[in-house]
Amino acid sequence: MDLIQILSGVELFEGLSAEEITHIASLCQQKEFQDNQVVAAQGSPGLQLFIIQEGFVEVSVQRKGGSAGKVIVNLGIGQTVGEMSLIDQGLRSATVKAISSPTIVQVISQQDFEKLCEKDTHIGYVVMRNIATDLSFRLRQRHMVDLIG
């Protein structure tokens, strides 16, 4: 599947025009990972967004006390990880590693994305709205789980 087609299906970019998706594609840098290779480590600076183009990654969180990490989710083609880095550049809250060979990931740096948004505020608005919608959904879901017990 080509990059434009994948980006067009990414929820984070929902609502962008074909031309705007092309601008996003121009920011992408392709990286290839092999099975069990770390894409991003928990606690490292969050300066990039990752879009899976081929293969699969596993997202896990290290438990307190240094015991084995807990797998949170597996992600595949068209899914993203690291969206929060576009906002706050905080430390990574989880480790992401490839679980297939090859795993091809498109990387967008926070700095490059910010520059694009300064030039085209509509792109920035749409992506930030999509991030806010996703966060709102997650918070509501978490709240419901807490209420139910």
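The values are calculated or read from the model by the stated rules, or taken from the named source; none is laboratory data. Worth saying up front: this structure is predicted, and the values here are computed from it rather than measured. Cβ placement follows ideal geometry from the backbone for every residue including glycine, while neighbour counts extend to all protein chains displayed. Calculation scope for accessible area: heavy atoms of the full protein, side chains included, ligands and nucleic acids excluded. Shrake-Rupley method; radii C 1.70, N 1.55, O 1.52, S 1.80 Å.
Membrane-span-like helices in the chain (whole DSSP H runs, Cα extent of at least 24 Å along the helix axis, mean Kyte-Doolittle hydropathy of at least -0.5): 121-148.
Between the residues Ile6, Ser26, Asn36, the greatest Cα displacement towards the positive end of the dipole of the range 1-75, with unit charges on the Cβ of Lys, Arg, Asp and Glu, is found for Asn36.
Take the chain with all the other protein chains still there, run a 1.4 Å probe, and you get 59 Å² of accessible area per residue. Relative contact order of the chain, taken over Cα pairs closer than 8 Å and 6 or more residues apart, is 31 percent. Specify the residue with the greatest mean-square fluctuation among Ser101, Ser44, Ser136, computed from a Gaussian network of the chain linking alpha-carbon atoms under 10 Å apart. With Cα springs under 10 Å in the chain, the top fluctuation among Ser101, Ser44, Ser136 is at Ser136. Shown for the range 1-101: the carbon plus sulfur share of the solvent-accessible area, taken with all protein chains present and a 1.4 angstrom probe, equals 50%. Peptide packing: for 30-42, 73-85, the average count of neighbouring Cβ atoms within 10 Å per residue gives the ranking 73-85, 30-42, highest mean first. Placing +1 on the Cβ of every Lys and Arg and -1 on the Cβ of every Asp and Glu, with no other charges, gives the chain a dipole of roughly 760 debye about its Cα centre.
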